[in-house]
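Report on the following structure.
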Amino acid sequence: MRLALLVPLYLIVAAIVVYAIRHYIFTLNRLFGRHRQPYVDIGTAPWPSVAVFLPCHNEAKVVGHMLDALLGADYPVDRLVIIPINDRSTDGTAQVVDDYAVQFPGRIRAIHRSGGPPGKAAALKECSGASDATIHLVFDADYLPGRGLIKQLVAPFFDPEVGAVMGRVVPLNVKRTLLTRLLDLERAGGYQVDQQARMNLRLIPQYGGTVGGVRRAALEHVGGWHDDTLAEDTDMTFRLVLAGWEVVYQNRSECYEEVPETWPARIHQIKRWAQGHNQSLARYWWPLLKRPAHLPWRAVVDGILLLGVFAMAPLLAVGWALAVALYYLGMPPAAGLLVILAIALYGTLGNFAAFFEVAAAARLDGSRGRIKLLPFMIVGFLVSLVSVCLATLAQVFTRRKRDLRWEKTERYRAGSATAARSDS
Amino acid sequence: MILALPFLGLLTLTLAWFLLPLLPGLREVLRPTDIAPLKVVDRASGHVAHFARNFRRYLEQQVAGLPTEAQAGDFFGRLPDGTPFLRVHKQSDAIEREARQGLQSQLVVIDTPATLTGGETFLMELYVRASMVGGPGAVYRAVYAEHDLVLGDDSAVLRWAHACGRLTVGNRCTVRGRLSSDALVRLGGSVVFERVGAPVISVGEPADLPPDLPSALPLCPLPAGARTIGNFVRIQGDFTVPDGTRIAGHLVVAGRTRIGLGAIVEGSVKSYGDLVLAAESRIRGAAVTRASLSIGPAAWVEGPAIAEARLSLDRGAVIGGPDTPATASAPVIELAQGATVYGQISAMGGARTL
């Protein structure tokens, strides 16, 4: 009985320690390591043709801002086409994108979907054939790219091995609520430290589905977008990497986004991410572990840890339950100086690894005051833990195939894009 | 009641201890001091001439705000924002006169073509409405010329220099920051710089474009382990493209790569190790390496050339083309006489000419 409880507990503790070490490696790399950004200085080049896909479902509030921003992009006009995909919107999105398409013929080509499976992945799957551009970029409709972003995102594709590129997402509506401020910190940690460290260490940066893109040849090589997943971005990342393509992260390619302003919206978002990520874990852990010849072991290990990020929350909860059960059953883990030291060491360092990452990101960004909110991140951590556990349980015990639908995060913006920027 | 007091005291202390780390955060929540989105988007300074163009715009606005009598002729005074300002309307000894008093500590505008004697130090920007020939040993914070600009030997630029016409940089100059021209930048020997942008950048006289190679070069045999991935061929280990052969598409080599004499790659090349282009070889796309890139005499990379360690261009080597400008980027770059880049050179760790 004791062993049956102890072995899983030790395995869970080992997994948590591995993640803590991973956080420290990434953070120390960002604080003291070489910043690797080989493509960031490509400012002049024979730019390839680019199609920017904008999947939209009820985005009338924001899609006009995004189209204005893309029309103002510093990219050769004859090599850039913007393709808003209106997927059965009911709020006037169709009218907005049609007006732009009429006003900018040849530059904006609107596609309207009224049939087929709904959802971003399905929209991309169906419409990616609408353009023969060399590079396919994807943005969410609420994003606000800067003038130079398209060139920055396209630059890495001059490397023939690069299949996908990911830029950095920066929250715009930071000042709205405590939640938005915490998400701002979380995003900073995720991109400034986590993604960039993986880029520095030549591991597997993740293509995030927006503020990024894929090479059409790579897309075709891996069989196009999949619509049977809740995280088409993670799915694409691992299919590309397994097939021999490289995924690149560009920390300097920044783009504003809206983050959820309410806890229910955040919980919905994190649950969707967890289920999508877990789907990819189930699909790709074994192909990764078989290690294709082109992948070094460090990339395999990083890939598996990346896939397992959301699986850690339920494991952590199980670990807590096991530890409590062992204590009350009168079967504490073996005592001894080494165990006590290990626990003390983990208590002082391990628990705070993720927070250390966020703090380092705030420092690298030059943020001063916002770092004081770091202790409040425990709230976000606990909410995420419970949400991810519930999402995973639902995924494991509800065997039925989930219906495809638009998984949309609520939009909060009103007025012009400029007003949105200055308001924030 | 008395028995409960220690408990309550302990509870209060515990709560206070728990809340202590939250106090700065609570204060930040109630009185936010750092609440704006990160100022990272819309940063357009990626363009080499960004600062130069911004300065020109700034100066136009400031000069427009001057009183009418100050808008023409020689003028000493201040711009509307308080910046000390000297305008030299005709070639005169105004600058030398000022220089004798010490450093040029005001923003200087020269309205007519000018030739400076050398040795001046401009602590603020210098703007020339015509062409300017600088003397040796001058120090410029930043200089903008509406026509041609010559920086004399042994001069230094602290921030940027831009010419709408040709920009000639004398021997042994040091340029910290950016050099740009709308026409051509010609670099002398032993010049140290970081970023240059122009339709043509050359060390000495620009090299002629290498001649077309024979179109019927034999195909390069690929090693047994070569694997086609999408639209590129991947080779594990070191690889040499033999002299006078050609590769039909993109190539990725997980090792060191050598493109042989007169060989041609019709697409782009990526090498995990050093990438060496022998004389008169050619890559029609980009050349990318995680290590060092060496471009031999009269060899030509038509697309961007990216090296994560070091990039060297031998005499007559070319990057980009008149119709296909490109970027040469590496932490350290070395250019021999006659090397030519059409587009942009970026070396954050410093570039130098031989």
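Under 14 Å from the Cβ of residue B:176, count the other residues' Cβ atoms, weight Lys and Arg +1, Asp and Glu -1, and hand me the total. Counting the neighbours of residue B:176, the net charge comes to +4.
Shown in residue order for the range B:161-166 are the 3J(HN,Hα) couplings computed by the Karplus curve 6.51 cos²θ - 1.76 cosθ + 1.60 at θ = phi - 60°: 9, 9, 10, 6, x, 7 Hz (x for Gly and Pro). Per residue of A:146-158, other chain Cβ atoms within 10 Å of the residue Cβ number 3 on average. Put simply, the amide H of residue A:253, placed in the peptide plane, has neighbours under 5 Å in A:168, leaving out anything fewer than 5 places away on its chain.
For chain A, the fraction of alpha-carbon pairs lying more than 41 Å apart is 15 percent, rounded to a whole number. Rounded to the nearest 20, the size of the Cβ-charge dipole of the range B:223-354 about its Cα centre is 260 debye, with Lys and Arg at +1 and Asp and Glu at -1.
Going by how many other Cβ atoms sit within 10 Å of their own, how do A:331, A:236, A:377 line up, fewest first? Don't skip to the end; give the middle numbers.
Numbers: A:331 13, A:236 31, A:377 21.
Lowest to highest Cβ neighbour count: A:331, A:377, A:236.
For the range B:182-189, backbone phi angles converted through the Karplus equation (6.51, -1.76, 1.60; θ = phi - 60°) give residue-by-residue couplings of 7, 10, 7, 10, 10, 9, x, x Hz, Gly and Pro being listed as x.
Take every pair of alpha-carbon atoms less than 8 Å apart whose residues are at least six positions apart; their mean separation over the length of the range B:221-263 yields a relative contact order of 38 percent. What Kirkwood radius, in Å to one decimal, follows from the Cα pairs of the range B:122-204? Final number for the Kirkwood radius of the range B:122-204 is 11.9 Å.
How big is the charge dipole of chain B about its Cα centre, in debye rounded to the nearest 20, if each Lys and Arg gets +1 on its Cβ and each Asp and Glu gets -1 on its Cβ? Display every interim value, and only then the final one.
Working: 33 positive and 32 negative charges, 184 e Å.
Roughly 880 debye for chain B.
Kirkwood hydrodynamic radius computed over the range B:227-339 comes to 13.4 Å, based on all pairs of distinct alpha carbons. Paramagnetic label reach from residue B:112 (point 7 Å along Cα→Cβ; backbone nitrogen cut-off under 15 Å): within the range B:63-81, residues B:72-75. Convex hull volume of the Cα atoms of chain B, normalised per residue: 233 Å³.
For chain A, the relative contact order is 22 percent, taking Cα pairs closer than 8 Å that sit 6 or more residues apart in sequence and dividing their mean separation by the residue count. Mind telling me which of A:128, A:367, A:89 comes out most flexible in a GNM of chain A, alpha-carbon contacts under 10 Å? Top of the fluctuation ranking is A:367.
For the residues A:328, A:75, A:39, a GNM of chain A with alpha-carbon springs under 10 Å puts the largest fluctuation on A:328.
Pairs of Cα atoms nearer than 8 Å and 6+ residues apart set the relative contact order; for chain B it is 9 percent. For the range A:354-376, there are no residues whose amide N sits under 14 Å from a probe point set 7 Å from the Cα of residue B:16 along the beta carbon direction.
Between B:224, B:263, B:49, the Gaussian network model of chain B with springs among Cα atoms under 10 angstrom shows the greatest mean-square fluctuation at B:224.
Number of Lys-Lys pairs in the protein assembly as shown under 20 Å by Cα, sequence gap 8 or more or different chains? Number of lysine pairs found: 14. Summing charges over neighbours of residue B:155, with a neighbour being any other residue whose Cβ is under 10 Å away from its Cβ, gives -2 when K and R count +1 and D and E count -1.
So what's the angle, to the nearest 10 degrees on a 0 to 90 scale, between helix A:93-103 and the longest Cα principal axis of chain A? Helix A:93-103 sits roughly 40 degrees off the main axis of chain A.
Once backbone amide H atoms are built at 1.01 Å from N, residue B:110 has B:88, B:127, B:128, B:129 as its partners under 5 Å, excluding neighbours fewer than 5 places away on the same chain.
Against the empirical curve 2.2 N^0.38 Å, the C-alpha radius of gyration of the protein assembly as shown lands at a ratio of 1.08.
If you keep only loop residues by DSSP, which trypsin sites (Lys or Arg not before Pro) in the range A:13-76 have at most 12 other Cβ atoms within 10 Å of their Cβ?
On the way: sites: A:22, A:30, A:34, A:36, A:61; in loops: A:34, A:36, A:61.
Answer by residue number: A:34.
Charged neighbours of residue A:226, selected by a Cβ distance under 11 Å, balance to -2 (K, R count +1; D, E count -1).
How do A:271, B:270, A:175 line up, fewest other C-beta atoms within 10 Å first? Provide the component values of the computation, followed by the final result.
Values: A:271 22, B:270 26, A:175 16.
So the residues, fewest neighbours to most, are A:175, A:271, B:270.
Simple point charges give the picture: +1 on the Cβ of Lys and Arg, -1 on the Cβ of Asp and Glu, and for the range A:40-307 a dipole about the Cα centre of about 560 debye.
Rounded to the nearest Hz, the phi-derived 3J(HN,Hα) couplings of the range A:378-388 under the Karplus curve 6.51 cos²θ - 1.76 cosθ + 1.60 (θ = phi - 60°) are 4, 5, x, 4, 5, 4, 5, 4, 5, 4, 5, where x marks glycine and proline. Amide H contacts for residue B:258 (H built 1.01 Å from N in the peptide plane; partners 5 or more residues away or on another chain; cut-off under 5 Å): B:239, B:240, B:241, B:276. Per the Debye calculation on the range B:138-273 with a single equal scatterer at every Cα and no solvent contribution, log₁₀ I(q)/I(0) for q = 0.15 Å⁻¹ amounts to -0.77.
Every read-out reported here was derived from the displayed coordinates using simple, explicitly stated rules and does not represent laboratory data. For clarity, every value in this text was computed on a predicted model and none was experimentally measured. Neighbour counts run over all protein chains shown; Cβ positions are idealised from the backbone, glycine included.
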